[in-house]
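Just below is one structure, and these are the notes that go with it.
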Amino acid sequence: MTNTMQASSPTTKQTQRAWPRVLLLFLILLAFARVTWQLGGKDLWWDETLSLQRAESSLPDILLGRLVMSDGFTQVATTDQHPFLFFLLQGLLLRLAGDSEYALRFVPAMAATLLVPSVWAFARRLQRGDAFPPSSPYWAALLAAVSPFFLWYGQEARPYALWAVLAVLSAYPPARLIQEGGLSRAWIAGYIALLLMFLTSHYYAVFLLPVHALLLYLWLAERSRVKAAIIAAGLVLGGAALAAAAFWFIIVAQQGGGNFPSISLSILGPDLLNAFSLGLSVDLADVWLLDLLFGVIAAAGAAWSLRSRRSLRNGGWLPVTLIAAPILAILVVNVFSPAYMNARHMSLLGGPFILLLGAGLGVAWRLRPWFSLLLGAALILGSGCSTFNYFTVEQYAKDDFSRLGNQLDGHIAPGDLVLIKPPFAWRAFAYYLPLATMTGMPGANQNAPTFGAPMLERDWDERFALMDELTRDKRRIWLLISGTHPYADLQGRTEGWLDDNLFKVQETTYFSHSSLKSALYLPEVPVYESLPDSLHNRVDAVLGDTIRLAGIELGAPATPDLALPVTLYWEAVTPTDRRYKYALRLTEIRDDGATETLSVSEREPYDGAIPTIYWDPGKIIVEYSELPPAPWPQPPDGADAEAFWARYRLTLQVYDAETLEPLPVTQAGAAETAEDGHTLILPCCPR
């Protein structure tokens, strides 16, 4: 019996040593799976496209933070408010893996994943010094793995998750110093590298330099207090100089950093507590009791870590100080100028807060394991609900640029004008719009010019005069609005001018909580008493004794990424209470006599904005339409255009929008009637 027990003892010890690592690995994989699931599922929003713009820039521009904003007339060079490290990593990955949403968000996703082993190792270090209860590392790793805050910012192409993990990792080596009394050269080199990474990723890193200086002083003071004081003071003074430079650069020179005109603990407390507890995917008014529970548990962890001289000597004060120092610094800076933007810019507090939560649950485990499990279940359930909201509730979705792009895909044609508001969001629109790039910006497409509105660095009279010039003689004007940066035109004066001077056909908001909108304008109301004298292709065909196609004009094809402009001249023969759609096709008659369809447009007139039920007999309704992009046929140089286009045809059917019953051709006019009796065959004569 004894021999058996002795023989099995090493195996038992190996198992006991292995299971914590297996559990940690499981939590790391859980965090990775959670943060990478649907990583590319949500569209980029404005801030993320700033990251894209910086990451795809040249190396000097990445390092200097240079971003160029353009409205198509004026280019304005601005400087990003964040240091370069994150964008350098993102730029490297972008060049290796492309600029998909998944690739752009992979760096923050990895940072959010790395936070799990980081807080585990930090809590383990504090637990070995008796500053944390034994189970704290596992609770901390679990809460980091399911954190709603780090899900949100692990799936956003911004540096917030990276700041959080670097705040923890850079504090870990000096935390070892005060327990072990020394570090190897490799550890010291690693610490210097981590600190430099932190300082080159976030200006707020300077808020933690006094904590690092204190750690170094406590270590060096045992050898030489003078040397310790000099090194600690040098670190603090260097941080102060960097902080002063960042303050002048961001707050004074760029007027940034002031989302709140003034702050206090009564503002910071609830905002930060809710952010690092349940994240952004909840309403604070609905969950404040659960937020309070998070706060109480973290406070219990703080009380335990500060409970004795031994725990203090072994670093129990560190998590509390890592939270308190940045908050105190922000409050001090706020005395001179507003400096608090929102919780994401304070993401460096996330790791220490999770550490204190782990310690608090560890305290509860020491008292009653079942009580700790009950508290942990409440926190995880709240985190799960917030996670569910993040993935499913429209309120927490990002602007649906993809839907905007899909709506415009196949519609923008030569002769159209596209206005994007604000100009600062040009990279977001360029990423999702069917036009690859925009006029006045890299790789401009002159056939469908795009400009920013309101124009940069001009007074409103100049802006209105420019819009009048831009919109003159255009077939259609598309206004695309992203409200994520509304400050250039808070009063909506751009839309007001367009509403007053043009005819708005339709307006679309892409979901109930979206700031993304689009509107289609025409130079004037498209209803006339008669056909224009300039109309070349008069048709005068009647369908079902109800709808007359009086004429049609086809624009010349431009590039394959632009639609073919088509203008239809409609007339109601008699009043109708039915809504009708039409299908317009461009076909080619091949040499073997077979017919190939090149492009199809099927819709209600103006997509239902001016339906047939509102048409008055005797009035001409001019519809500026298009055929979706295709490899447009191009006559060879010197070829006879009329002979070239003789092999192409336009066909038109009109049908009931509800029953899908086609209207018969009752009068063909200048067109031909197909054998089915309800299809018009029109010659193709681009101009």
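Worth a mention:
- Note on region 445-473: residues that are more than 17 Å from residue 495 (Cβ to Cβ) and basic (Lys, Arg) amount to 2.
- Count of residues meeting criterion [part of a helix (DSSP H, G or I) and either closer than 27 Å to residue 306 by Cα or of a type outside the set (A, V, I, L, M) (or both)] in region 146-171: 14
- Residue identified as farther than 18 Å from residue 422 by Cβ, under 32 Å from the mean Cα position of the chain (by Cα) and modelled with pLDDT of 90 or more among 539, 505: 505
- Subset of region 448-472 (residues that are out of contact with any Leu (no Cβ under 7 Å at 6 or more places or on another chain), under 22 Å from residue 524 (Cα atoms) and of a type in the set (A, V, I, L, M)): 465, 466, 467
- Filter result for the condition that a residue is surrounded by 15 or more Cβ atoms within 10 Å (Cβ to Cβ) and free of Cβ contacts under 8 Å to residues at least 40 places away in the same chain, over 576, 567: 576
- The number of residues in region 465-507 that are more than 28 Å from residue 566 (Cβ to Cβ), touching a residue at least 40 places away in the same chain (Cβ under 8 Å) and among the polar types (S, T, N, Q) comes to 3.
- Among the residues of region 176-191, not a single one is buried (at least 24 other Cβ atoms within 10 Å of the Cβ) and in contact (Cβ under 8 Å) with a residue 60 or more places away in the chain.
Residue by residue, here is whether (1) modelled with pLDDT under 95; (2) in a loop (DSSP other than H, G, I, E, B); (3) farther than 23 Å from residue 379 by Cα holds:
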{"site": "107", "(1), (2), (3)": "no, no, yes"}
{"site": "110", "(1), (2), (3)": "no, no, yes"}
{"site": "116", "(1), (2), (3)": "no, no, no"}
{"site": "130", "(1), (2), (3)": "yes, yes, yes"}
{"site": "144", "(1), (2), (3)": "no, no, no"}
{"site": "173", "(1), (2), (3)": "yes, no, yes"}
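- Some residue of region 604-615 being assigned to a strand (DSSP E or B), buried (at least 17 other Cβ atoms within 10 Å of the Cβ) and in contact with a strand residue (DSSP E or B) (Cβ under 8 Å, 6 or more places away or on another chain): no
- If you go through region 462-501 and pick out every residue that is under 15 Å from residue 73 (Cβ atoms) and hydrophobic (A, V, I, L, M, F, W, C), you end up with 6.
- Within region 28-104, helices (runs of 4 or more DSSP H) holding 2 or more residues that are exposed (fewer than 14 other Cβ atoms within 10 Å of the Cβ): 59-64, 85-97
- A single member of 350, 358 is assigned to a helix (DSSP H, G or I), modelled with pLDDT of 95 or more and farther than 19 Å from residue 270 by Cβ, and it is 358.
The values are calculated or read from the model by the stated rules, or taken from the named source; none is laboratory data. Since the structure is predicted, the reported quantities are computational estimates derived from the model, not experimental observations. Please note: Cβ atoms are built from the backbone with ideal geometry, for glycine as well, and neighbour counts cover all protein chains shown.
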